[in-house]
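Read the structure below first, then the notes.
The values are calculated or read from the model by the stated rules, or taken from the named source; none is laboratory data. In this text, all values refer to a predicted model and were calculated from it rather than measured experimentally. Cβ atoms come from the backbone with ideal geometry, glycine included; neighbour counts cover every protein chain shown.
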């Protein structure tokens, strides 16, 4: 197998990198063991939510206060701005318009009623919570509790009351998850039958908060249609995985990758590389009965740190980068992996590969391990995307920087 | 202070021994109240490996214990089959093991009345496909698994149905003596936040590893040695039945299947207090490495958590302390009648023993107490079956079949453990208000994903029923589950932990109040000792 | 426990598998791969406790999209397959229908002498109704046409050209042998056009239908027989090409994963197997592929079968088809066409299969291609029946482009 650039991974960083590189004219092949954080996130674009535990109001401005080795400092503020801008245009072109201002964070409603800080929100999640808010669940959906959500919102000063709406008769009454419900809501007729009950549950409210299940195949059209039928603004609250907004975005990325002719080798992990001097010449991935060798000019690792399975955390406290054996700082023993409090911070979440200003992994002396390998996204050291609320922003900034580096004139999404 | 209650007997200690005593008394028509500092089964009875002993482990060195075990093994299967996994056990001989020991093992089993069957390596591997390829031979014995919480619930239900009372979250804080008799036991009602008196004629000290503390409060010396053992819980079952190493008992020589998991055990170290339930990470590695000799895939397997518990070892004053390794201390039990021993006329203590022999221990104690009380009803606990016995022995796949039978796929709250919405609703209707209670009663959050989804779903269900700080309760629950996990998180479990963190902190933005002991800070009664897994 | 069952340990409950399962998307009779696979596995653990594993397991089609999507390496579909085998064993083995449809070469052999008549009957509604009532094969399920002559009889008379620089052995499988010998001829022509000599080692059914229906013992017997027959070819010529992506996947991985066959002979054969498009693309990578395709001005829709994705080589057919001038190729967005081998032919699963394939059929209706391209034969028959369009194997398109 031959490729020009191989991107390893299928999460937010991998997808953005693959598209931007392909748009810039490189021939890209994606190799991934499976899906990633796009399927697990809040369905928003986090740029920088918290710094030192404190909520950040102006993410781009706060970049300057980050440590030197933070991915935003390495990629540069311009790359973050450009990445967010590119994403907003890409998503809008795919029917997934986002609201938000890179210079100012905003609140996102979550299923537990907590308002989390984020930067860009898809329209269905972006409505303001003003006046009386009805928090409505679809009966039988296990992953949303209107009472808990409303209690949380009230704690944040929102006038929220819980309610629920029965689902019209459908073919998944016995068992469904967010995915089946979202697919049902894709259907025009189902929405028409659902709307009256939802309107009744929303009676007297200025805004209705529902779990993020309003369609998965039609972009934001099902949400827009349902909102019109109900006659009250609908706001999607973020739930735990699977992320329906994440699935919408993933589908958009897949369509774009197909349209750009990007090869897609999915379901098998990259397990090694071949080298010639300081260059990687090929990526080895698992195949059904043999390793598959993909020769490449450039390699981009977007494998996502420990959480993404790009770094293995061993019993003895050591860490190992799984594709190219890049240097990763381990720990004296495994009890140092994690903090004392679960909801606190965990060193393992910030573990990663150290890179230079060109996103090339460095060895101990500070020189690049390989001339043609870059790392993007959660794989990078110097940040914990969960704690600081920066996952999608780091993905976009480093994807943008990589596309700049590997193709001098990246073209904007059309 | 006016007594809260008057009763004939106060039983201190809500482990299997105390509850077995309560039941035995109830069956003989004796009024009794059991008091327990936390919840039933939070002492040694909830911190062990779940082995229904055949006694074979004692066959070589302690045949008295061995005989007790095999007798009670049979009784428990009769009276509480629903708490038993009837899966058998193997003692396997590995290269490097002393073949002469195997000979002594067989002889000892014969002498103790424990049926054994010798199996070739091939036969052993047919029974246990994951056994190490270099196992030389094996002996099959009637080991099994026993669910101590199910046993506790059954015995307590039986006793309560006959008029006994169980007071959990009521630690004993003192006694009132009048000369050589105790007239009342003072307990602290954790929920109400005040002390209460329970007037009584007799006191049974069944506090297990903490028997010494009750003794101290009563003014009698009882020397207990806390023999701590560490156990490692694997995320899946690995073995069909129990697998033991056929050698002199040592660290990491047993694998016990318990429902969907396998428990690796154990160590044996004397510690200062039975409340020391910290798990040294090195012990976790040791358990894995030793048990992997018997089942190699354990070495690369996923560990769920590790925990420790103290064996309640009694050291009579006349004997020397056992020193570091507590395996030399006898495992059989002792009834202490403090009248003759210490001049305290109306207290008996039951110390030592094994969970498998709890009924027999209770019988011995209650026989003695009944004699002192002038109660002539004989013991019937060996023949009266426990509530729930009609369900038959526990089957691994029963919950799966249950979900199919009830069509409950869409009702699962805890997916790992197949806990349904209906079960949670029923538990809430029964008065459970905390996620920890749901965990203990329903196994919610026990599975490999460590409450990634079920905790907030259940918090949602709790909030449907009542106001209150359910988010705070959720955060507390998550922190409780987190304690003691750091020794066992790597590989798959590290990915799970980080995903869970990304959900609770990343998506839901929960950051907790920042204080380690949040339950105490919230003024809520502790249901469990701090720091264990 | 086989290795696949142990991969259940890796599950972090993230729900990714549930987002790709095409069956749970269309019916609530199947509670999803996470439930059936790693979650249920903890309660089965390879132990027969007298409670059967959940029967809803039977609705798993084995498409394997879950295994591919799982980021942790849980072999979800394979866990289900192993559990299905235990379910079938507990029931007393395969039923009559499953025994019959799992033996395509047997059915082919029986019908061969009367192929035209057999085809006529199998197209007749009353006959299909009777067959459905008798053994449970749905009246509308796509059926291949029986061939009066076998592929091997064609191969026996085939003169190989003498300019070969390489040699491969051809595993043609039951479908080419009994139903589509012309497809096999296309494979041979395309290889020979590229100076590859093709040998035809004695072979037999790979046993996949037996295995996927839960008949592991019979499947293992078939596997052992086939490995024995292909063993020599694994060394010399050292490359075995297969045009059926499902049979190829079976040879590459399923003997080891599902049947626990880990001996040297099986390993050697597995390592030597290439999907035909995979092989042709490797030739192209070495600049050894004849790219003188004539223009084929047409629009095609390419559907990569789920079992092709299980090879781990991506979609080589797309790269090959891109070399044909004038051919516009749109890629299917569906993960599974629905039939999943014999699954979609069963009366209780046919509608599920049609519902699973609905989005693909819709995409075809909107794209209005001249033909559809797909590497797997059961998919081809299913898609052809549902869309009314001709459906070709990629090699047939290349063969056409070489011929013109």
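Out of the helices (runs of 4 or more DSSP H) lying entirely within segment B:383-480, which hold 2 or more residues that are away from chain A (no Cβ under 11 Å)? Spell out the reasoning first.
Details: elements: B:398-406, B:421-429, B:435-442, B:454-465.
Passing ranges, in order: B:398-406, B:421-429, B:435-442.
Condition check: assigned by TED's automatic domain parsing to the domain that holds residue B:179, modelled with pLDDT under 95 and in a strand (DSSP E or B). Does residue B:356 satisfy that? Write out each step before concluding.
Numbers: assigned by TED's automatic domain parsing to the domain that holds residue B:179: yes; modelled with pLDDT under 95: yes; in a strand (DSSP E or B): no.
So residue B:356 fails the test.
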Within segment C:1-104, considering only helices (runs of 4 or more DSSP H) that don't extend past its boundaries, which have at least 1 residues that are under 30 Å from residue C:144 (Cα atoms) and either within 20 Å of the chain's Cα centre (by Cα) or without any contact (Cβ under 8 Å) to a residue 40 or more places away in the chain (or both)? C:16-20, C:22-26, C:65-69, C:76-91, C:96-101
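Output yes when any residue across segment A:159-170 is within 28 Å of the chain's Cα centre (by Cα) and within 12 Å of chain B (Cβ to nearest Cβ), and no when none is. Reasoning before the result, please.
Keep residues of segment A:159-170 that are within 28 Å of the chain's Cα centre (by Cα), which gives none.
Within segment A:159-170, not a single residue is within 28 Å of the chain's Cα centre (by Cα) and within 12 Å of chain B (Cβ to nearest Cβ).
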Of the conditions (1) surrounded by fewer than 24 Cβ atoms within 10 Å (Cβ to Cβ); (2) away from chain C (no Cβ under 14 Å), the single one that residue A:4 does not satisfy is (2)
Name every residue in segment C:187-207 that is within 30 Å of residue C:100 (Cβ to Cβ), out of contact with any strand residue (DSSP E or B) (no Cβ under 9 Å at 6 or more places or on another chain) and in contact (Cβ under 8 Å) with a residue 60 or more places away in the chain, in order of residue number. C:204, C:205
Filtering segment B:439-454 for residues that are out of contact with any strand residue (DSSP E or B) (no Cβ under 7 Å at 6 or more places or on another chain) and closer than 15 Å to residue B:427 by Cα leaves a count of 3
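Condition check ((1) over 21 Å from the mean Cα position of the chain (by Cα); (2) more than 14 Å from chain A (Cβ to nearest Cβ); (3) more than 30 Å from residue C:76 (Cα to Cα)) across all residues:
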| residue | (1), (2), (3) |
| --- | --- |
| C:196 | yes, yes, yes |
| C:203 | no, yes, yes |
| C:225 | no, yes, no |
| C:233 | yes, yes, yes |
| C:262 | yes, no, no |
So in segment B:491-504, with the set limited to residues that are within 7 Å of chain A (Cβ to nearest Cβ) and in contact (Cβ under 8 Å) with a residue 40 or more places away in the chain, which one is surrounded by the fewest Cβ atoms within 10 Å (Cβ to Cβ)? B:491
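Residues checked against (1) touching a residue at least 12 places away in the same chain (Cβ under 8 Å); (2) closer than 30 Å to residue C:330 by Cα; (3) in a loop (DSSP other than H, G, I, E, B):
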| position | (1), (2), (3) |
| --- | --- |
| A:160 | yes, no, no |
| A:173 | yes, no, yes |
| A:189 | no, yes, no |
| A:192 | yes, no, no |
| A:214 | yes, yes, yes |
| A:229 | yes, no, no |
| A:236 | yes, no, no |
State the number of residues belonging to segment B:190-228 that are in contact with a strand residue (DSSP E or B) (Cβ under 7 Å, 6 or more places away or on another chain), part of a strand (DSSP E or B) and either without any contact (Cβ under 8 Å) to a residue 24 or more places away in the chain or within 25 Å of residue B:449 (Cα to Cα) (or both). 0
Unique match (being within 29 Å of residue B:510 (Cβ to Cβ) and modelled with pLDDT of 95 or more) among A:234, A:229, A:257: A:234
Hey, among the residues in segment C:235-260 that are within 13 Å of chain A (Cβ to nearest Cβ) and in a loop (DSSP other than H, G, I, E, B), which one's nearest to residue C:191 (Cα to Cα)? C:239
Subset of segment B:42-72 [out of contact with any strand residue (DSSP E or B) (no Cβ under 7 Å at 6 or more places or on another chain), buried (at least 24 other Cβ atoms within 10 Å of the Cβ) and in a loop (DSSP other than H, G, I, E, B)]: B:43, B:53, B:55, B:59
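Just checking, which of A:112, A:148 is touching a residue at least 40 places away in the same chain (Cβ under 8 Å) and either closer than 25 Å to residue B:504 by Cβ or surrounded by fewer than 17 Cβ atoms within 10 Å (Cβ to Cβ) (or both)?
Details: A:148 fails: touching a residue at least 40 places away in the same chain (Cβ under 8 Å).
The unique qualifying residue is A:112.
Quick one: which residue in A:282, A:270, A:252 is more than 8 Å from chain C (Cβ to nearest Cβ), surrounded by fewer than 24 Cβ atoms within 10 Å (Cβ to Cβ), within 24 Å of the chain's Cα centre (by Cα) and modelled with pLDDT of 95 or more? So that I can check it myself, show each step before the final result.
Values: A:282 fails: within 24 Å of the chain's Cα centre (by Cα); A:270 fails: surrounded by fewer than 24 Cβ atoms within 10 Å (Cβ to Cβ).
Sole residue among the options that is more than 8 Å from chain C (Cβ to nearest Cβ), surrounded by fewer than 24 Cβ atoms within 10 Å (Cβ to Cβ), within 24 Å of the chain's Cα centre (by Cα) and modelled with pLDDT of 95 or more: A:252.
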Checked segment A:329-379 for anything part of a helix (DSSP H, G or I), crowded, with 17+ Cβ neighbours inside 10 Å and more than 8 Å from chain B (Cβ to nearest Cβ); matches are A:350, A:377, A:378, A:379
Quick check on residue C:325: is it within 26 Å of residue C:192 (Cα to Cα) and assigned to a loop (DSSP other than H, G, I, E, B)? yes
Are any of the residues in segment C:63-80 away from chain A (no Cβ under 14 Å) and surrounded by 23 or more Cβ atoms within 10 Å (Cβ to Cβ)? yes
So residue A:179, is it within 23 Å of the chain's Cα centre (by Cα) and either at pLDDT 95 or above or assigned to a loop (DSSP other than H, G, I, E, B) (or both): yes
Going through C:289, C:280 one at a time, which residue ends up being in a loop (DSSP other than H, G, I, E, B), under 30 Å from residue C:232 (Cα atoms), within 14 Å of chain A (Cβ to nearest Cβ) and in contact (Cβ under 8 Å) with a residue 12 or more places away in the chain? C:289
Residue satisfying all of: in segment A:126-141; within 12 Å of chain B (Cβ to nearest Cβ) and in contact with a strand residue (DSSP E or B) (Cβ under 7 Å, 6 or more places away or on another chain); surrounded by the most Cβ atoms within 10 Å (Cβ to Cβ) among these: A:135
